[in-house]
């Protein structure tokens with residue numbers, strides 16, 4: 001399966017490296033798209049090293065492209081996985097905002113969408129985030145709920161990125177692209 005992995009701006013972004021390894025060991029190819037804010041937590045080089053594919057950072061990061069990068073990514077993806085999914089990326093996906101490569105690609109794609117949120121507990125339980133999650137579920141997105149754990153703010157609570165095993169299971173059992 002060709003998996004488009006969207007890595008958004010969350011401290012959990014560094015965990016994408018292990019997730020890529022797990023997905024590739026299961027025989028999947030992984031193409032990474034990272035948001036601007038993800039750069040603060042993990043480097044494109046690290047993601048490229050683990051995925052073995054170029055990392056798309058913005059519409060202009062891949063020189064020599066003549067076709068719209070988001071359309072090409074949307075056509076190629078059998079499944080879109082956003083992990084970690086920040087509150088911002090979840091809101092963009094729920095409301096159809098398209099201001100970066102990840103959100104544009106998701107909007108242009110018919111591939112199944114799997115979302116693994118990671119954020120502070122208060123952000124996760126906020127009514128706006130929960131409404132966005134419900135909107136995405138109604139559209140068929142698979143949500144891999146966060147788990148309780150130590151959060152970057154030194155609190156313990158719900159919002160920790162689910163484990164690789166749960167995310168990979170959701171990917172492998174998600175509906176297939178039509």
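Only one residue in 145, 166, 116 is assigned to a helix (DSSP H, G or I) and either surrounded by fewer than 16 Cβ atoms within 10 Å (Cβ to Cβ) or touching a residue at least 24 places away in the same chain (Cβ under 8 Å) (or both), so which one is that? Walk me through how you get there before you give the answer.
On the way: 145 fails: assigned to a helix (DSSP H, G or I); 116 fails: assigned to a helix (DSSP H, G or I).
Residue meeting the stated conditions: 166.
Can you go through 94, 131, 83 and tell me which one is assigned to a helix (DSSP H, G or I) and under 17 Å from the mean Cα position of the chain (by Cα)?
Working: 131 fails: under 17 Å from the mean Cα position of the chain (by Cα); 83 fails: assigned to a helix (DSSP H, G or I).
Unique residue meeting the criteria: 94.
All but one of (1) out of contact with any helix residue (DSSP H, G or I) (no Cβ under 7 Å at 6 or more places or on another chain); (2) more than 22 Å from residue 28 (Cβ to Cβ); (3) surrounded by 16 or more Cβ atoms within 10 Å (Cβ to Cβ) hold for residue 98; state the number of the condition that does not hold.
(1)
Could you count how many residues in segment 148-163 are outside any strand (DSSP E or B) and more than 17 Å from the chain's Cα centre (by Cα)?
Residues flagged as outside any strand (DSSP E or B) and more than 17 Å from the chain's Cα centre (by Cα) within segment 148-163 amount to 5.
Return a yes/no flag: does segment 131-138 have any residue that is under 24 Å from residue 45 (Cα atoms) and free of Cβ contacts under 8 Å to residues at least 40 places away in the same chain. Break it down into steps so the answer makes sense when it comes.
Taking segment 131-138 first, the residues under 24 Å from residue 45 (Cα atoms) are none.
Checked segment 131-138: no residue is under 24 Å from residue 45 (Cα atoms) and free of Cβ contacts under 8 Å to residues at least 40 places away in the same chain.
On the basis of being over 19 Å from residue 11 (Cβ atoms) and touching a residue at least 24 places away in the same chain (Cβ under 8 Å), does residue 95 make the cut? Talk me through it step by step, then tell me what you get.
Working: over 19 Å from residue 11 (Cβ atoms): yes; touching a residue at least 24 places away in the same chain (Cβ under 8 Å): yes.
For residue 95, the condition - over 19 Å from residue 11 (Cβ atoms) and touching a residue at least 24 places away in the same chain (Cβ under 8 Å) - is met.
State all residues of segment 10-40 that are at pLDDT below 95 and in a loop (DSSP other than H, G, I, E, B); if no residue qualifies, say none.
Passing the criteria: only 10.
Here's the yes/no breakdown for (1) in contact (Cβ under 8 Å) with a residue 40 or more places away in the chain; (2) within 12 Å of the chain's Cα centre (by Cα); (3) surrounded by fewer than 19 Cβ atoms within 10 Å (Cβ to Cβ); (4) closer than 21 Å to residue 132 by Cβ:
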{"site": "10", "(1), (2), (3), (4)": "yes, yes, no, yes"}
{"site": "43", "(1), (2), (3), (4)": "no, no, yes, no"}
{"site": "55", "(1), (2), (3), (4)": "no, no, no, no"}
{"site": "78", "(1), (2), (3), (4)": "yes, no, yes, no"}
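The values are calculated or read from the model by the stated rules, or taken from the named source; none is laboratory data. Computed from a prediction, not measured in an experiment: that's the story for all the values here. Cβ atoms come from the backbone with ideal geometry, glycine included; neighbour counts cover every protein chain shown.
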